[in-house]
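*Asks:* Before I ask anything, here is the structure I am working with.
What follows is calculated from the coordinates using simple rules that are stated; it is not laboratory data. Since this is a predicted model, take the numbers as computed values, not measurements. Neighbour counts are summed over all protein chains in view; Cβ atoms, including those assigned to glycine, are modelled from backbone coordinates with ideal geometry.
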Amino acid sequence: MYQALVWACLVWNGEGCKILEDQRGPYESYDRCQVRALEMSEDVHIHMIGYKATRWKCRPLPKGRLTAPLF
């Protein structure tokens, strides 16, 4: 299982970043997780004015976990 994560940063300040966790997953395949992460990346600027997606990641989840620790 994989969890989609997207990093979104303020356009005018690259250090004002947030990590966004997908609320629909987790996903059974890496490919499906990747599709969702890219969907999330495309919508960041709509839901978070002034932010832009800078990276994404599909984090593998240990068996029995629905979310992964961010750090």
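*Asks:* If you compute percent of Cα pairs over 14 Å apart for the structure shown, which of (i) 66; (ii) 55; (iii) 72 do you land on?
*Replies:* (ii)
*Asks:* Still on this structure, I have one more. Roughly what angle does helix 30-47 make with the longest principal axis of the chain, taking Cα atoms, 0 to 90 degrees, to the nearest 10?
*Replies:* 30
*Asks:* For residue 24 and residue 10 in one chain, what is 0.36 nm times their gap in residues minus the Cα-Cα distance, to one decimal in nm?
*Replies:* Details: separation 14, 0.36 × 14 = 5.04 nm, distance 2.43 nm.
Taking residue 24 through residue 10 to full extension adds about 2.6 nm, to one decimal.
*Asks:* With a 10 Å Cβ neighbour count serving as the proxy for reagent exposure, in which order, fewest first, do 36, 24 appear? It would help to have the intermediate numbers written out before the result.
*Replies:* Values: 36 21, 24 9.
Going from sparsest to densest Cβ surroundings: 24, 36.
*Asks:* Please state the charge dipole magnitude for segment 2-60, taken about the Cα centre, from unit charges on C-beta atoms (+1 on K and R, -1 on D and E), reported in debye and rounded to the nearest 20. Display every interim value, and only then the final one.
*Replies:* Details: 8 positive and 8 negative charges, 24 e Å.
Once rounded to the nearest 20, the dipole reads 120 debye.
*Asks:* Highest mean first, how do 25-33, 39-47 rank when packing is the count of other Cβ atoms within 10 Å averaged over residues? Could the numbers behind the result be given before it?
*Replies:* Details: 25-33: 15.9, 39-47: 14.2.
Per-residue Cβ counts within 10 Å, averaged per peptide and sorted highest first, yield 25-33, 39-47.
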